[in-house]
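J.: First the structure, which I've put down as structure tokens, then a few questions once you've had a look.
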Amino acid sequence: MALLHLRHFTHQSLLSTSKLHHHFRFSPLKSPRFSCSASASTTMAKQVLVPIANGTEPMEAVITIDVIRRSGADVTVASVEKELRVDACHGVKIVADALVADCKNTVFDLIALPGGMPGASNFKDCGVLESLVKKQAADGRLYAAVCASPAVALGSWGLLKGLKATCYPSFMEQLQSCATAVESRVQQDGKVVTSRGPGTTMEFAVTLVEQLYGKEKADEVSGPLVMRPNHGDEYTITELNPLEWKCNNVPQVLVPIADGSEEMEAVMIIDILRRAKANVVVASVGDNLEILASRKVKLVADMLLDEAAKLTYDLIVLPGGLGGAQAFAKSDKLVNLLKKQAESNKPYGAICASPALVLEPHGLLKGKKATAYPAMCDKLSDQSHIDNRVVVDGNLITSRGPGTAMEFALGIVEKFFGRPKALELAKGLLVGRQ
């Protein structure tokens, strides 16, 4: 299973050695560990707490962390369990920066709870987290939750009384007993922001950036994400030269990762394909299982590419991220796997920087229509379909960026399992009409 290790330090934290003791504890035997003893005024960056628990929804956690870190905020990922590592949903392991108990004396500008079950219940049962969020509310500072957490955690703590709030559809009845329940994709009332599920989390995170830094910063962050222009629309793919994608019962899917891979794209692909019951193998292209992703999320793969290359796959799909795509392009083993996949007329795909930096220079887009990250599209020899969010041309699927990654993954589900299955998954994700 894929292991995500989240550890992040902003450049403000390292401005001078005189400030270093506010942020780190050093041990001769251990690497530096984040300390939550500093107050929010220690640095210019806004201080944000994102708790995680066993059963947390990894897409909601990683999207929230990634998007808020893009704003320059200092995000601490804190485990409510006894250990830093938690078992998130869909076989994803996340390692926090700190235990939530280490953060109890810290002043945060925002505390944002991802959803997932039983993650939200584990939040509710964590006394330290309850005290932190209650103090946050009492002090008039921003707090937020998505999916099950508004009803299960915030509502149970009495922090939504008299306020408008939303949550995952199946928890709306519970929410009605503790808040004025509304069906907005993102709902703000005073200092609390709530949202509905994985498919609304990017909007949720951008709203939180706006609350922290203002609309100009939110627009600066959201622009490069390539978010959906009309979030309520049913997802679509642009398909040319239709070809049936075949597999024996369960699709075998290879998702390579490398230093600099975009963690939102990687996690959304892995999570959604596993929801569809595909067998997803996450393989590190480097020498180590652990990689450092683009927004300082550490992911640990299931195996190294050398081992993964011994298996056969119904699909090889590349997440984006500039550094990750560059590493993919330099990997002879991965490029050879992709070429054999293409020569066998078996499906392969890429998103964001990877179509332009991996597939194009190695001749894997020859005679194919494709799209890529907007700033990379000038590297494609055929730019006739670059404005489409997801392009399928025979056995090739490509897409644009983090904001199109769910549609990209759903497009893969559609090709292997059919559109009804993909639409069923989309409904559960809160992508498109409900």
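The values are calculated or read from the model by the stated rules, or taken from the named source; none is laboratory data. Keep in mind it's a predicted model, so treat the numbers as computed, not measured. Backbone-built Cβ (ideal geometry, glycine too); neighbour counts: all protein chains shown. Note: areas computed on protein heavy atoms with side chains; ligands, DNA, RNA excluded. Shrake-Rupley method; radii C 1.70, N 1.55, O 1.52, S 1.80 Å.
J.: Report, by residue number, each residue of region 295-305 that is surrounded by fewer than 24 Cβ atoms within 10 Å (Cβ to Cβ) and at pLDDT below 95. First the steps, then the outcome.
T.: So in region 295-305, the residues surrounded by fewer than 24 Cβ atoms within 10 Å (Cβ to Cβ) come out as 295-296, 298, 300, 302-305.
Listed by number, the residues that qualify are ARG295, LYS296, LYS298, VAL300, ASP302, MET303.
J.: Within region 197-214, is there a residue that is in the same structural domain as VAL95 (by the TED database), modelled with pLDDT of 95 or more and in contact with a Phe, Trp or Tyr (Cβ under 9 Å, 6 or more places away or on another chain)?
T.: First, pick out the residues of region 197-214 that are in the same structural domain as VAL95 (by the TED database): 197-214.
Checking the rest, the ones that are also modelled with pLDDT of 95 or more come to 197-214.
From what's left, in contact with a Phe, Trp or Tyr (Cβ under 9 Å, 6 or more places away or on another chain): 197.
Yes, that holds for at least one residue.
J.: Restricting to region 238-287, give me the number of residues that are open to solvent by 10 Å² or more (accessible area, probe 1.4 Å), of a type outside the set (A, V, I, L, M, F, W, C) and touching a strand residue (DSSP E or B) at 6+ places or on another chain (Cβ under 7 Å).
T.: Summing the residues that are open to solvent by 10 Å² or more (accessible area, probe 1.4 Å), of a type outside the set (A, V, I, L, M, F, W, C) and touching a strand residue (DSSP E or B) at 6+ places or on another chain (Cβ under 7 Å) in region 238-287 gives 7.
J.: Which fully enclosed strands (runs of 3 or more DSSP E) of region 156-259 have 2 or more residues being among the aliphatic types (A, V, I, L, M)?
T.: Details: elements: 186-189, 192-195, 238-240, 252-257.
The qualifying strands (runs of 3 or more DSSP E) are 192-195, 252-257.
J.: Looking at region 94-117, which of its residues are open to solvent by 10 Å² or more (accessible area, probe 1.4 Å) and out of contact with any helix residue (DSSP H, G or I) (no Cβ under 9 Å at 6 or more places or on another chain)?
T.: Filtering region 94-117 down to residues open to solvent by 10 Å² or more (accessible area, probe 1.4 Å) leaves 95, 99, 101-102, 104-107, 109, 117.
Scanning region 94-117 gives VAL95, ASP102, ASN105.
J.: Follow-up. Would you call ALA356 part of a strand (DSSP E or B), free of Cβ contacts under 8 Å to residues at least 60 places away in the same chain, open to solvent by less than 10 Å² (accessible area, probe 1.4 Å) and of a type in the set (Gly, Ala, Ser)? Reasoning before the result, please.
T.: Numbers: part of a strand (DSSP E or B): no; free of Cβ contacts under 8 Å to residues at least 60 places away in the same chain: yes; open to solvent by less than 10 Å² (accessible area, probe 1.4 Å): yes; of a type in the set (Gly, Ala, Ser): yes.
So ALA356 does not fit the description; no.
J.: Considering only residues that are open to solvent by less than 30 Å² (accessible area, probe 1.4 Å) and more than 19 Å from THR76 (Cβ to Cβ), look in region 138-157 and name the one that is nearest to the chain's Cα centre (by Cα).
T.: Going through region 138-157, the residues open to solvent by less than 30 Å² (accessible area, probe 1.4 Å) turn out to be 142-155, 157.
Filter once more, so that each one left must be more than 19 Å from THR76 (Cβ to Cβ): 147-148, 150-152, 154-155, 157.
Values: CYS147: 15, ALA148: 17, PRO150: 20, ALA151: 22, VAL152: 22, LEU154: 23, GLY155: 25, TRP157: 27 Å.
It comes out as CYS147.
J.: Within region 263-272, is there a residue that is of a type in the set (A, V, I, L, M, F, W, C) and over 18 Å from the mean Cα position of the chain (by Cα)? Give the steps one after another, and end with the answer.
T.: Initial filter on region 263-272 (of a type in the set (A, V, I, L, M, F, W, C)): 264, 266-270, 272.
Now narrow it down to the ones that are over 18 Å from the mean Cα position of the chain (by Cα): none.
No, the conditions are met nowhere in region 263-272.
J.: Looking at (1) assigned to a loop (DSSP other than H, G, I, E, B); (2) surrounded by 17 or more Cβ atoms within 10 Å (Cβ to Cβ), which one does LYS366 not meet, given that it meets all the others?
T.: All conditions pass for LYS366, except number (2).
J.: Taking the residues in region 370-406 that are under 17 Å from ALA422 (Cα atoms) and of a type in the set (A, V, I, L, M, F, W, C) as candidates, determine which candidate is surrounded by the most Cβ atoms within 10 Å (Cβ to Cβ).
T.: Per the stated criteria, the residue is MET406.
J.: Same structure, new question: From ALA342, ALA350, ALA329, grab the single residue that is in contact with a Ser or Thr (Cβ under 9 Å, 6 or more places away or on another chain), outside any strand (DSSP E or B) and in the same structural domain as ILE272 (by the TED database).
T.: Numbers: ALA342 fails: in contact with a Ser or Thr (Cβ under 9 Å, 6 or more places away or on another chain); ALA350 fails: outside any strand (DSSP E or B).
The conditions single out ALA329.
J.: With the requirement that a residue be open to solvent by less than 20 Å² (accessible area, probe 1.4 Å) and out of contact with any Phe, Trp or Tyr (no Cβ under 9 Å at 6 or more places or on another chain), what does region 326-347 give you?
T.: PHE328, SER331
J.: While we're looking at this one, here's another question. I'd like to verify a number: residues in region 392-421 that are more than 22 Å from the chain's Cα centre (by Cα) and assigned to a strand (DSSP E or B), how many?
T.: 3
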